[in-house]
Structures are given as C-alpha cells and as structure tokens.
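If you scroll down you'll find the structure; I have some questions about it.
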C-alpha cells in the first residue's frame, strides 16, 4: 500500500485516517528549538465532510487514500443508484444516495459532474457550478414588479426549490449557482 | 502562491534582500569591533550530528559518505581547542525534512563563541547585538529573562519538572491540540508540542525573551548544573513567539560528551533512525581541552523575518527550497 511521509504533506493530499479517506486542508510544520518536530494538519473526512485537526510526529508515515476526481456525465437514476459515465471510456459508475448527497437536487441528465472515486467507488459527487433548469411550479408572475426586488419560491425540474424574482414564470429556464443555491438569471433561448 | 511560470523569480523582494546585505555588513562590523575573528569551516564532514531530532543530508565524496553540516559547532570547537580565541561564522547549514513557515531545509546561521562567558553574559551579548541590528529598522524592547520552568508555568500553567504527562496531555487537549498516537508517555516530546503550540503563540511580539535553565534531558551540548532538579545551562531567545537563537554554556567534559553521543545513538536505534558516524575528532578536541566558553547560534533568516515584518521564511530568502 502506498504511503506518505509527513515531509510530503501538502494541502490536497489524500490520506487514510482511521480507515476513512481524508484530504489535507492545511499543513503546518512546527519544531521547537532542539526538540521533536511535528506536522499539524487540518483534514476533511471525504465520507462525512467533517473537519478535524491532527498532529503527527515528523517522519511518521500515513497510508495514502486511492482517491481520484473524475469528470463524468450524469446518465439517470434507477431510484436507488445514480449512474454516471466517463465520456472518454464509456466506463460507468453507480453512486448511492449518500455519495450523491446534496448534489441530488441539481442532477440533470447529460450534465457533467465531478465524481470522486475511492478505490474505484463513487465517494462524492460535485455538480457543475452553474446549472440550467426548468421551473415546473411557481406562483404566477407579477408584471412591472421588477424594481421592488421581491422573491418567491420556484420548484425546478430536478426537485430543487430556489428563490426567484417575482417576474419569473413557470416553464421558464433559469440559471442557478449550485454552490449557493441561488438564482442567477433567466436563460433566453 | 505565484504561478509555476513565475518560479524563476526570487522569493524575497528587493527591499528585503537589501536589508539582508546591510545587516550582514553591520554584523561583521560588530564582531570586528568586539575582537571576534571570522572563520570558515567545512560544510561537508565525514561525521554528523547524533541528535535524534536533527537529520543530516548525506552525499558522497569518492564514494565515501559525507554529511552536510547541520551546524558548524564541532568544527568551531576544534578551532577553539586549538587556540583560535573568540570566533564567529556566518554560514549555510542544512537540515533534512525541515520545511514550513519558519523553516527552510538550508538556512543561514550566525554562530559565535566567547571565552570565559557564561550563559547569562552571553545573553547580554546577544541582546546588544540585536539592538545594533535593529537600529533604524525595528528596535526590540529591552529583553526579559525567564527560566524554562517559569515560562511553561506562566504561559501554559504547566510545571515541566513536576506535572505528570497526563496533565500535559490534558493541557494540550484544552488548547485543542491533537496529541499524536504513541506520544502520551514521551515527556520531552509533549513539552516540545506544548512549547510550539501553546507557549510560543502567547509570547510577546516586541519583547525579546531569553528562556534559560532547560530540563537536563534537553541539554544538547550544554553543561548541566547540579541542583533539584538539575538544569541545562542552555538558553533560547524568542522574539515575536519565534525561536531566534540557542546558546550553551559549553560542555567541556569529554566523557560526558561521549556518553551523550551514545545515548543519542541508542535513541536513534530505538526509533529506527539512521546511525551517523560520531565525530571522533571533535571528541579528541574536547579531550585536548576546550577553553571555558559560551556559544550561541542565531537563525539569521528568522531575525530578518522579524526585522522586516515577514510571516514566511520564503519572504526573506533569495530563493526558497521550492525555487531552488
């Protein structure tokens, strides 16, 4: 099994901690005068998203996590699994609901997502930063109300609910920032 | 972080490089005024440091293993034993695996030795040098002196000689510092972690702090003074919570020194570390007689960091290890 010495620690490195895949977020080397050197790291557990601090004695080794980010096209959901495909190889991967997590509400067939594989199994799914989705349900638009900046909830084709300006109509396509979950603009055909 | 295409450029700005040059000039002038002679000693040695916490870089000379110096200490003491008188050196030293905000694998050390001075008079001397180097740049306030024990009590509420390892672990927990597996019984390592994570950040920004009378287990090459508990006549200078210098009232007893080398090697063996060749020429020099003296090593780059107000050692190096 591959491993990393603390000397190789840098942010972004994927390591196994208590058998869970984690990514190093921050790494600080500390060494008092003539004493023991340490690496103080902040790591994010890639399964749970939890961020914890760890300290290692310099020179200690940590097992590497076989974690890889790959761009894949979202194909469909069979109710239990979400199916993705690597465009170049047609290789398919099925992600469960835990791996898909919050990304579920933004998944639209054909869109390209970043899928994180651990030991070749999907660990997490990142939707595109911006998605274009159709409004399937919202209150009727109010003309001439653009200046007041009022908002109303709108349900999208993927099931997500976002707040949109009052003038936006049911059936329209809108652009949404998936990182904030906020409406960006209407999409003109 | 600059883009990869930019990495031919120096990591320090032109102002800082000019400051380095000015300080080196002043430093040499100060030593000349004080009758301390500049020397140069080999960077490559057939022997290496035994300290388990310091890792030498190894290279080859005619297929013979040679080591890049981690400090010029052994060679300088050989000069002293041969009657050089007071000496100083400004040189590059190399330490494997030390890289971070305050560490670069090679850095500049200013090391000097004064005969007939003890640790406290050497601290006076370091303080007056600091004042000279800081003039017109960033003048440190008058220095304070505190024992290692009082430092740990004042800044961490831990008595390093009396409190249990469990109490130190609890104090680290309280400060949200994760303790590495297998460290909970290693007293010195726990104290090191406490110093680096709890004590250093709490130290004053503008006041130089000399810490003295270290635990005998952390004596390195300092003499140990009998007492209850016995303490090492070693001091460290901190400025802005950063260790700048380390000094010793130098150990002259060859048998004691040989014993410490042996204990270092045993600890290295236990930890599965490399066993470097012990410096027998240095031991022979001690046997011939090292004059009564004190010595100090000052990290020049860190001093420049403080004087220039830089947070990262790369900001004061012409090219840091990432661009070397």
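The values are calculated or read from the model by the stated rules, or taken from the named source; none is laboratory data. These numbers come from a predicted model, not from an experiment. Cβ placement follows ideal geometry from the backbone for every residue including glycine, while neighbour counts extend to all protein chains displayed.
Can you pull out the residues in segment B:177-196 that are closer than 27 Å to residue B:127 by Cβ and out of contact with any strand residue (DSSP E or B) (no Cβ under 6 Å at 6 or more places or on another chain)?
To start, the set of residues in segment B:177-196 that are closer than 27 Å to residue B:127 by Cβ comprises B:191-192, B:194-196.
Passing the criteria: B:191, B:192, B:194, B:195.
State the number of residues belonging to segment B:10-40 that are assigned to a helix (DSSP H, G or I) and out of contact with any strand residue (DSSP E or B) (no Cβ under 6 Å at 6 or more places or on another chain). Walk me through how you get there before you give the answer.
Quick first cut of segment B:10-40, residues assigned to a helix (DSSP H, G or I) only: B:14-33.
Of the ones still in play, those that are also out of contact with any strand residue (DSSP E or B) (no Cβ under 6 Å at 6 or more places or on another chain) are B:14-30, B:32-33.
Summing the residues that are assigned to a helix (DSSP H, G or I) and out of contact with any strand residue (DSSP E or B) (no Cβ under 6 Å at 6 or more places or on another chain) in segment B:10-40 gives 19.
To continue, here is another question. For residues that are closer than 23 Å to residue A:98 by Cβ and touching a residue at least 40 places away in the same chain (Cβ under 8 Å), scanning just segment A:39-63, find the one that is surrounded by the most Cβ atoms within 10 Å (Cβ to Cβ). If you could, list the steps in order and put the result at the bottom.
Restricting attention to segment A:39-63, the residues satisfying the condition of being closer than 23 Å to residue A:98 by Cβ are A:43-52, A:63.
Those left that are additionally touching a residue at least 40 places away in the same chain (Cβ under 8 Å): A:46-47, A:63.
Details: A:46: 18, A:47: 15, A:63: 13.
Of everything passing the filter in segment A:39-63, A:46 is surrounded by the most Cβ atoms within 10 Å (Cβ to Cβ).
In segment B:43-75, what count of residues is obtained for those that are part of a loop (DSSP other than H, G, I, E, B) and exposed (fewer than 13 other Cβ atoms within 10 Å of the Cβ)?
Step one: list which residues in segment B:43-75 are part of a loop (DSSP other than H, G, I, E, B), which gives B:43, B:46-57, B:62-63, B:69-72.
Next cut, exposed (fewer than 13 other Cβ atoms within 10 Å of the Cβ) only: B:62-63.
Residues in segment B:43-75 being part of a loop (DSSP other than H, G, I, E, B) and exposed (fewer than 13 other Cβ atoms within 10 Å of the Cβ): 2 in total.
Just a yes or no: is a residue in segment B:89-109 touching a helix residue (DSSP H, G or I) at 6+ places or on another chain (Cβ under 7 Å), within 26 Å of residue B:224 (Cα to Cα) and within 14 Å of another protein chain (Cβ to nearest Cβ)?
yes
Now for a different question. Pick out the one residue from A:88, A:78, A:66 that is under 30 Å from residue B:179 (Cα atoms) and surrounded by fewer than 16 Cβ atoms within 10 Å (Cβ to Cβ). Before the answer, list the steps.
Details: A:88 fails: under 30 Å from residue B:179 (Cα atoms); A:78 fails: under 30 Å from residue B:179 (Cα atoms).
Criteria check complete, one pass: A:66.
Further question on the same structure: Take the conditions surrounded by fewer than 21 Cβ atoms within 10 Å (Cβ to Cβ) and within 24 Å of residue A:7 (Cβ to Cβ) and apply them to residue B:83. Does it pass?
Here the answer is no, as residue B:83 does not meet what is asked.
Of the residues in segment B:205-246, how many are within 18 Å of residue B:310 (Cα to Cα), in contact with a strand residue (DSSP E or B) (Cβ under 8 Å, 6 or more places away or on another chain) and not in a strand (DSSP E or B)?
Going through segment B:205-246 one residue at a time, the tally reaches 2.
Tell me, please, whether a residue that is within 14 Å of chain A (Cβ to nearest Cβ), closer than 18 Å to residue B:249 by Cβ and either modelled with pLDDT under 95 or surrounded by 19 or more Cβ atoms within 10 Å (Cβ to Cβ) (or both) can be found in segment B:120-141.
No, segment B:120-141 contains no residue that is within 14 Å of chain A (Cβ to nearest Cβ), closer than 18 Å to residue B:249 by Cβ and either modelled with pLDDT under 95 or surrounded by 19 or more Cβ atoms within 10 Å (Cβ to Cβ) (or both).
Testing residue B:233 on (1) surrounded by fewer than 20 Cβ atoms within 10 Å (Cβ to Cβ); (2) away from chain A (no Cβ under 13 Å); (3) within 16 Å of the chain's Cα centre (by Cα), one condition comes back false. Which one is that?
Condition (1) is where residue B:233 drops out.
Let me ask something additional. Residues that are at pLDDT 95 or above and more than 20 Å from the chain's Cα centre (by Cα): which helices (runs of 4 or more DSSP H) entirely in segment B:249-324 hold 3 or more of them?
Values: elements: B:254-270, B:280-289, B:300-308.
Qualifying helices (runs of 4 or more DSSP H): B:254-270, B:280-289.
How many of the residues in segment A:18-34 are facing chain B (nearest Cβ under 7 Å) and touching a strand residue (DSSP E or B) at 6+ places or on another chain (Cβ under 6 Å)?
4
Specify the residue that is farthest from residue A:175 (Cα to Cα); the eligible residues are those in segment A:120-149 that are at pLDDT 85 or above and outside any strand (DSSP E or B).
Among them, the one singled out is A:120.
Quick check on this structure: which one of A:110, A:92 is more than 14 Å from every other protein chain (Cβ to nearest Cβ) and either closer than 30 Å to residue B:296 by Cα or touching a residue at least 24 places away in the same chain (Cβ under 8 Å) (or both)?
Working: A:92 fails: either closer than 30 Å to residue B:296 by Cα or touching a residue at least 24 places away in the same chain (Cβ under 8 Å) (or both).
Result of the check over A:110, A:92: A:110.
For (1) surrounded by fewer than 18 Cβ atoms within 10 Å (Cβ to Cβ); (2) within 13 Å of another protein chain (Cβ to nearest Cβ); (3) modelled with pLDDT under 95, each residue gets a yes or a no:
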| position | (1), (2), (3) |
| --- | --- |
| B:150 | yes, no, no |
| B:165 | yes, no, no |
| B:183 | no, yes, yes |
| B:187 | yes, yes, yes |
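Further, regarding this structure: Can you report the number of residues in segment A:94-110 which are under 24 Å from residue A:162 (Cα atoms) and buried (at least 16 other Cβ atoms within 10 Å of the Cβ)? Before you say what the answer is, go through the steps one by one.
First, the residues of segment A:94-110 that are under 24 Å from residue A:162 (Cα atoms): A:97-110.
Subset that is buried (at least 16 other Cβ atoms within 10 Å of the Cβ): A:99-100, A:103-108.
So the count comes out to 8.
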